[in-house]
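What follows is a single structure, written as structure tokens, with notes after it.
The values are calculated or read from the model by the stated rules, or taken from the named source; none is laboratory data. Computed from a predicted structure; not experimentally measured. Neighbour counts are summed over all protein chains in view; Cβ atoms, including those assigned to glycine, are modelled from backbone coordinates with ideal geometry. Protein only, heavy atoms only, side chains kept; ligands, DNA and RNA dropped before computing areas. Shrake-Rupley method; radii C 1.70, N 1.55, O 1.52, S 1.80 Å.
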Amino acid sequence: MYPKLPNAVICATGSYLPQKVLTNKDLEKMVDTTSEWIETRTGILERRLADDDMASAEMGYRASLKAIEDAPGVKAEDIDLIIAATVTPDYQFPSTACLIQGKLGAKKAACFDLGAACPGFIYALTCGAQFIKTQEYKLILVVATDTLSRITDWQDRNTCVLFGDGASACLLKACREERGIISCLLGADGSGENLLKVPGGGSRLPASETTVKEGLHYVKMSGNEVFKFAVRIMEKTARDILKKNGLQVSDVDWFIPHQANIRIIESVAKRLKISMQKVILNVQKYGNVSAVSIPIALDEMNRSGRFKKGDLILLDAFGSGLTWASCLIKW
Ligand SMILES: CC(C)(COP(=O)(O)OP(=O)(O)OC[C@H]1O[C@@H](n2cnc3c(N)ncnc32)[C@H](O)[C@@H]1OP(=O)(O)O)[C@@H](O)C(=O)NCCC(=O)NCCS
């Protein structure tokens, strides 16, 4: 018999949200839209925007500091690995994880970025959990950070009303109890690459006068198709992970879906027959903050003391790639 491997548990959380608030009323002055349209079609009331001198690494650093403060006795120097989930890194290279490490003084930590768009936090959590399980590393910082305002076309009403900026982090360590990250399910379908992408600025279409003139460094999205995909895949991945673990929807205490649109969330909850009272929402306050939306919800629930020991939490996300991911956590 091999000895049982430890579980990875989230032992601390922290978030950073920029102070600047952009309301739907503000957007009415920027594009041809109405506050009512945004609220009824998306559920978003306002979103946060980073100041001009703030970018993903600085927000990720501030969220990480909060997570470290939340872990008694833990110092930045104790961290073995930093994984940063982001689609808006400060630079092509070095990685945002390296920049966060430098700011924290987490000298021992290995660092890399992980690009899986909106499910990026679940992908990074899954990845970190494997290093804990194999006992390769003892303390891992998983950070999600995105400055989507920098890749948003503020003249495109189809997309500019949807996104916001922010960062959120958690620390993972080993635990011998039957709790923590108990299961993860990741998926992707690259044939959907054109539904949601930033076409310019990479090696395919390097930044040039033309890419800038044509706005190719901004998010391009087929909103309606992404919507349909999201509802279908979020239901499927939630059902699949529960089945894989011999669990029912009724076993779930809290459902934390990616926060892109309240109508997507409500449709998924209805299909799963999960009460909206179990669904954690922050889309109204922050809009879609890509990989950051789910860990902000985890952090707010953790800090408000609403999670009870032993609660079963289901995370569920979809995004550009196309990608999707779900995760079961026993708190
Ligand atoms: C983008 C989204 C809110 C649009 O809502 P929708 O109900 O699907 O609306 P449609 O795309 O069908 O557009 C309906 C009309 O509203 C218009 N419209 C779009 N944005 C608008 C805005 N901000 N204000 C007013 N009208 C708007 C469209 O131009 C369209 O007008 P038309 O019929 O004259 O062409 C919705 O499709 C969505 O949330 N999709 C998923 C996006 C997502 O999750 N992205 C991130 C993935 S991580």
Which chymotrypsin sites (Phe, Trp or Tyr not before Pro) does region 106-207 hold that lie in a coil by DSSP with at most 14 other beta carbons within 10 Å? Trp154
Which lysines does Lys4 reach when only Cα atoms under 18 Å apart count, and residues fewer than 8 places away in its own chain are ignored? Lys133, Lys138, Lys173, Lys330
Counting other C-beta atoms within 10 Å, and keeping those with at most 16, which DSSP coil chymotrypsin sites (Phe, Trp or Tyr not before Pro) do you find in region 1-103? Tyr91
Once each part is reduced to its C-alpha centroid, what is the distance from region 258-311 to region 1-75 in angstrom? 13 Å
Average Cα contact separation per residue, the chain, under 8 Å, 6 or more apart, as relative contact order %: 24 percent
Rounded to two decimals, what is the ratio between the C-alpha radius of gyration of region 182-330 and 2.2 N^0.38 Å? 1.16
Summing Lys, Arg as +1 and Asp, Glu as -1, what charge do residues with Cβ under 15 Å from the Cβ of Leu99 carry, Leu99 excluded? -2
Take the chain, connect every pair of alpha-carbon atoms lying under 10 Å apart with a spring to form a Gaussian network, then pick out the residue of Gly43, Gly105, Gly14 with the largest mean-square fluctuation. Gly105
Placing +1 on the Cβ of each Lys and Arg and -1 on the Cβ of each Asp and Glu in region 251-299, which of Ser267, Trp254, Pro295 has its Cα farthest towards the positive end of the resulting dipole? Ser267
So if I take the alpha carbon set of region 1-73, get Rg, then get Rh from the Kirkwood formula, what is the Rg over Rh ratio? 1.25
Quotient of C-alpha Rg and 2.2 N^0.38 Å, computed over the chain: 0.95
Skipping prolines and chain starts, which residues have an amide H placed within reach, meaning under 5 Å, of the one on Leu114, given they are 5 or more residues away or on another chain? Ala84, Ala85, Thr86
Looking at region 7-178, send over the antiparallel percent of its DSSP beta bridges, to the nearest 5. 70 percent
Mean ellipticity per residue at 222 nm, deg cm²/dmol - from DSSP H runs of n ≥ 4 across the chain, formula -39500 (n - 2.57): -9500 deg cm²/dmol
Rounded to a whole %, the carbon-and-sulfur portion of the accessible area of the chain at a 1.4 Å probe is 51 percent
Under 18 Å from Lys236, Cα to Cα: lysines that are on another chain or at least 8 residues apart: Lys228, Lys244, Lys270, Lys273
Mean-square fluctuation maximum in Gaussian network of the chain, Cα pairs under 10 Å, restricted to Leu272, Leu247, Leu312, hits Leu247
Radius, Kirkwood style, for region 7-178 when every pair of distinct Cα atoms is counted (Å): 16.8 Å
Let's test the formula: R0 of 22 Å, r as the Cβ-Cβ distance of Lys213 and Asp32. What FRET efficiency results, to the nearest 0.05? 0.50
Whole angstrom only: what separates the Cα centroid of region 78-104 from the Cα centroid of region 140-201? 14 Å
Please identify every one of the trypsin sites (Lys or Arg not before Pro) in region 182-225 that sits in a loop by DSSP and has no more than 12 other beta carbons within 10 Å of its own beta carbon. Arg204
